[in-house]
Structures are given as structure tokens and as C-alpha cells.
1. Could you say which residue among B:E147, B:E174 is at pLDDT 95 or above, open to solvent by 20 Å² or more (accessible area, probe 1.4 Å), farther than 27 Å from B:T46 by Cβ and more than 16 Å from ligand 2 (Cβ to nearest atom)?
2. I'd like the full set of residues that are closer than 26 Å to A:V25 by Cα and open to solvent by less than 10 Å² (accessible area, probe 1.4 Å), limited to the range A:144-164.
3. Just the residues that are part of a loop (DSSP other than H, G, I, E, B) and surrounded by fewer than 17 Cβ atoms within 10 Å (Cβ to Cβ), please, taken from the range B:177-201.
4. Suppose we keep only residues that are polar (S, T, N, Q) and at the interface with chain A (Cβ under 10 Å from one of its Cβ atoms) within the range B:51-100. Which one would you say is nearest to A:M78 (Cα to Cα)?
5. Mind listing just one residue for me: the one in the range B:68-79 that is away from ligand 1 (no atom under 11 Å from the Cβ) and crowded, with 23+ Cβ neighbours inside 10 Å and, of those, nearest to B:T2 (Cα to Cα)?
6. Applying the selection to the range B:118-127, what residues are more than 9 Å from ligand 2 (Cβ to nearest atom) and either out of contact with any His (no Cβ under 9 Å at 6 or more places or on another chain) or open to solvent by 10 Å² or more (accessible area, probe 1.4 Å) (or both)?
7. Keeping to the range B:39-63, report how many residues are in contact with a strand residue (DSSP E or B) (Cβ under 7 Å, 6 or more places away or on another chain), charged (D, E, K, R) and over 19 Å from B:V120 (Cα atoms).
8. Give the number of residues within the range B:80-117 that are crowded, with 24+ Cβ neighbours inside 10 Å, touching a strand residue (DSSP E or B) at 6+ places or on another chain (Cβ under 7 Å) and not polar (S, T, N, Q).
Amino acid sequence: MHPALSVIFLTTLIGAGQGLFLALVTGQVYAAIRLIAPQSAEFYAGGSALALGLLVAGLGASFFHLGRPERAWRAASMWRTSWLSREVIVLPAMMAMVFLYGVFHWLGWTQPLFVIGAGGLPVDATLVFGVSGALVAFALYVCTAMIYASVKFLEEWASPYTIANFLLLGLASGFMLAAAYAAYLGTELVGFYGTWAVIFTLLALGTRSAALIRNAGLKHKSSLQTAIGVRHRVIEQRSQGFTAGSFNTREFFHHRSPRFVARLRLIFLLLVFPVPVLLIMLAYVLASPTLPVLAFAAQYVGLLAERWHFFAEARHPQNLYYQSVS
Amino acid sequence: MTQLALVIDLNVCVGCHACVTSCKQWNTSGWAGPMVDENPYGADPTGTFFNRVQTFEVGHYPATETVHFPKSCLHCEDPPCVPVCPTGASYKREDNGVVLVDYDKCIGCKYCSWACPYGVRELDAQQKVMKKCTLCIDRITDQTLPESERKPACVLACPTNARLYGDVHDPDSEVSIAIRERGGYALMPEWGTRPANHYLPRRKTYMHVSPEELQRADNPLTKEDLTVYTGEETLDDVTW
Ligand code: SF4
Ligand code: SF4
């Protein structure tokens, strides 16, 4: 498939935005049950603003993917059958939750609504928005991933690994960003977020490698034989019916050499996994406020390469019909 | 229920591209707006087409065979391109089974083209909406046209009659009979899309002629020829 920049930015930006929001909520829940020190309202509000910024930027990028962005509102109508439509509904819901969560923190509307249990877990509006927003965030990961995993013709994508990867890579980058944010503000949560970021990064390394291995040995269902229905082992296309390009030769091919693809795979395997893990560990040892930012930056750039590779790797059966100009 | 479709006879298609040009001519001139061409006389022309004729070579030289292979939307009975569309722009008509795109609703997200294994949907480079074969919906449903012309443009243009058109759900239609009796098959059956369009395979027709059929063993004339004449009056002498 042709890796479109708009979709690469959309999926990586909102993945990190959702992850950052989940990190904030995780921090708040931990603080509520007194496992870590509570943070200031500004910490949550600023973090939410950052997460919302990422989600808005992702949404903005997605418009560049549409031929007719002015009609985008129509895309909410077929949610019964289309994962794309579901994402179009869940993404604004996600933004609304992040917005409410941040605003309530910022305005200090955190009086407990009720208290759970004898030990006294005070539940305020931000916790309600946080926990329900977390559910929306998970739903959004699933929607985004299912857009790809549900197209059975793209056999490289049609696997549960796709969902695991979108989820874990989003969480990894989001928690990494939370660590960077905490370090930048000089709070003591760098270790907390950094640890989770490393855990998610390592889990993602497992599922992403598994997907790469699966796809390397993938046997495609369709062949030139089934494509034109001729039973012979030797079939070669002599003409695809036109001499120059068409939508079919642009949208479904990445037009790069296998070497380029292999190199990009190496780059993302380094930048997404070992580099940020080492940087964040180093940051912990040195108590550096800037190294976690670098760790996130490296991982994000790596994720751009990862997403490019994700698209390039998928081979569409239609390509069988577009093998030779003449 | 009706399912209109094409049946394409690979045995007679000569790869002349008449269906490609007639399709483009008819559909670019219609009410739905042009099928845009870009840079048509330049080095790298590109444009929207509903129908393509491709050519494949089967086997090793000299034992090769050339297969000309026209390809357009197959109007699948279980079209995977329809449920993925977020706007409902892609739909299958209830009354005749034709799969269409509502150009006024399409947002050009290209998702449906990913969900078609046959590579027959094309995003129009200028109108930015998804386009594909409509089976000339504006011809075949136009009651003002004489019955004989209520057919897709490609079917009318084909000089070798390689394109048959009709209702594949009617067991007595020309297309159903052709599929049934001439080995009609669907493309990429492994995906379960159940294409309505079918293809008729290339066939070589052999006829076995035995020597007995060229020379009848019981030919009476041949028998008479065996007679040895010695100058006596024969049957020929008395009849003429
Ligand atoms: S051939 Fe492709 S575009 Fe046409 S109905 Fe089937 S899946 Fe849809
Ligand atoms: S490109 Fe148009 S027809 Fe295709 S899925 Fe998107 S909105 Fe639907």
C-alpha cells in the first residue's frame, strides 16, 4: 500500500494523545489510592491540553487524506458496518472527554461527588471523566486498528497483532510523553511514567516483532491464477491496459526499493524500542529533565517510520492486475 | 430478485479496447460529470476509467497463449466495498443488484478501494470522489431507449460479442445459460465476494474425424467399382 503521510500522522498523533490522557488518568487513580503523591491541578490541565493538542493535530492531518473534507460530517452515518465511521464518532468523543477532564481540573471543580468504601476513595467529576474517558480511549484504539485489521484482503493487517500494536505503541508513546512532560515540569513522576513507558515499549516490541515474523512468512490467498481464472503455473502480465499511471498504480504501491523498506524497518526497530528505553533509563540515573523529552522525540520519529513500514508492508491482491505496463 | 451482470467470453475477446473507449465516451459525457483525464497528451497521462483490457501470456514460448482480459467492477453479490464505506455513498441497488457510488455523498476517503480485491475502483483525480463501473445505469434503466439499446455501452461496442449482459438470477437468461453451459467462472472465489460478473474460459474445439467418415465402407458405388467389366451391357448403358 502507499503510505499516506496524512494517515501516518493521524494514527501516531492520536495514539500518543490517547496514551498521554491514559497516563494522566492512571496517575490520578494512583494518587487517589495514595500510591503516589497527588499532582497539582495545573499538571493535569496542562497535560490534558497537550493530549488535546495531539488529538486535534491528528484530526487535522486526517482531513488531508480526504478528497472532499467539507463532507466529512457524513462519515458518521454508517457506524453499524464501518470501523472508519466508528472512529469518526469516537474521536470527537475522546476529545470531549479530554477537554472536560482538563477544564474541570483547571477550574478546580474537584469536590468529591461521593466517597467509595470505608477507607474513603473520594470520587470527583474529574475521576468520572477520567475513567470514562479511559474507556473511550481504549475504544478509539480498537476503532483505529480495526480500520486496518478488518480489511481481509490486506492479509498483513488482518490479524489481532494489528490491534495489539496500535494499542501498545500508542500507550508506550503516550506514557513516554507523560514522562517527558513530568520531567520538563520537574515533578517526581518521571520514574512512575517512565517505568510504565518501558513496560509498554517492551510489550509492543513483542507484538510488533511477532507481526513482522508472521508477515514475513505469509502466504497470500490470491494468485495470478485465481485473479484471471486460468489454471497454469506460468502466467505473466503483458499489458495492464494503459501505459502511464492510474489510481490503481499509485494507491496500492509504495514505489520504493526493497532496500529502502528494509532500512526503514531497521530504523524503526531501533528508534521505537531500544533507544527510548535506554534514554529514559539514563534520564532516571542522571535525573535529567531533558533526556525524557529526547526519548519521546526519538520514539515518535521511530513511530512515523513504523507506520510507514506498516503501510508499505501490506500487499493488496489488486496488485496482481497491475504488474506490467506493456 | 434481479442481479444484472456481464459475462465476458475470453474465448472471443481479441483485446481491441473498444469496450474501454466506448465506456469512457458514454460515461464521461453523462450527467454524472466527466471522468477526468490529466495531462492527456503529455509524457505521463492519467485518467479515470471504469473498464480496462489487460493482456496476459500463459505458458512458455512457443507453447504460449495470449489471454485478453477485460476487467471492470464485478457487481459482487456480497460486495465487501459497501459495508466499509463510512458515508453510505457506496451501495448496492436493491432492485437490480448494481453496485454504485453516490458522488454527492462520497468524501473520497478511498477506504472502499482498499476493500475491493479486484482493483476496479478509481478515485477521480479532480472530482475527488470514488468512481467505478455503473453498468451504464443511466442507459439500462432509461425507458425511452429502445429495448435493444438498453444495454451497457461496452456490450453494444464489442465487435466480437465477447460481452453478454443480463440477469444472472434468471435461470433462462442468455447469461445464466452461458455460465451454466460454457463453464462460466468467478474471479478470486477465495474471498467469498460472489461476483455477479462471470468469465467464460478460453476453449479449443476439437473434432474427431475417423477414416470411415471420409470413405463410407458400405458405399454402393465403391462396391460396383470392384466389379470387373468385360464388355457386356451395364446398368449405365441402359439408363443413359
Ligand atoms: S468488484 Fe470490487 S467494487 Fe465491484 S462490487 Fe465487487 S468489491 Fe465492490
Ligand atoms: S471513497 Fe467514497 S465511496 Fe469509498 S468508502 Fe470513502 S466515502 Fe465511501
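The values are calculated or read from the model by the stated rules, or taken from the named source; none is laboratory data. Since the structure is predicted, the reported quantities are computational estimates derived from the model, not experimental observations. Virtual Cβ from ideal backbone geometry, glycine too; neighbours counted across all protein chains shown. Ligands, DNA and RNA are excluded from the accessible area calculation, which covers all protein heavy atoms including side chains. Shrake-Rupley method; radii C 1.70, N 1.55, O 1.52, S 1.80 Å.
1. Values: B:E147 fails: at pLDDT 95 or above.
One residue alone meets the criteria, B:E174.
2. A:T144, A:A145, A:T162
3. As a first pass, look at the range B:177-201 and keep what is part of a loop (DSSP other than H, G, I, E, B): B:182-184, B:186-188, B:192-197, B:201.
Within the range B:177-201, B:R182, B:G183, B:G192, B:R194, B:P201 qualify.
4. In the first step, residues of the range B:51-100 are kept if they are polar (S, T, N, Q); the result is B:51, B:54-55, B:64, B:66, B:72, B:87, B:90, B:96.
Next, only the ones that are at the interface with chain A (Cβ under 10 Å from one of its Cβ atoms) stay: B:51, B:54-55, B:64, B:66, B:87, B:90.
Values: B:N51: 28, B:Q54: 35, B:T55: 38, B:T64: 48, B:T66: 44, B:T87: 6, B:S90: 11 Å.
In this case the residue turns out to be B:T87.
5. Step one: list which residues in the range B:68-79 are away from ligand 1 (no atom under 11 Å from the Cβ), which gives B:68-70.
Pick out the ones that are also crowded, with 23+ Cβ neighbours inside 10 Å and you get B:69-70.
Values: B:F69: 26, B:P70: 23 Å.
Among those residues, the one meeting the criterion is B:P70.
6. So the first thing to find is which residues in the range B:118-127 are more than 9 Å from ligand 2 (Cβ to nearest atom), and the list is B:118-120, B:122, B:124-127.
Within the range B:118-127, B:Y118, B:V120, B:E122, B:D124, B:A125, B:Q126, B:Q127 meet the criteria.
7. Number of matching residues: 1.
8. Residues that pass the stated criteria total 5.
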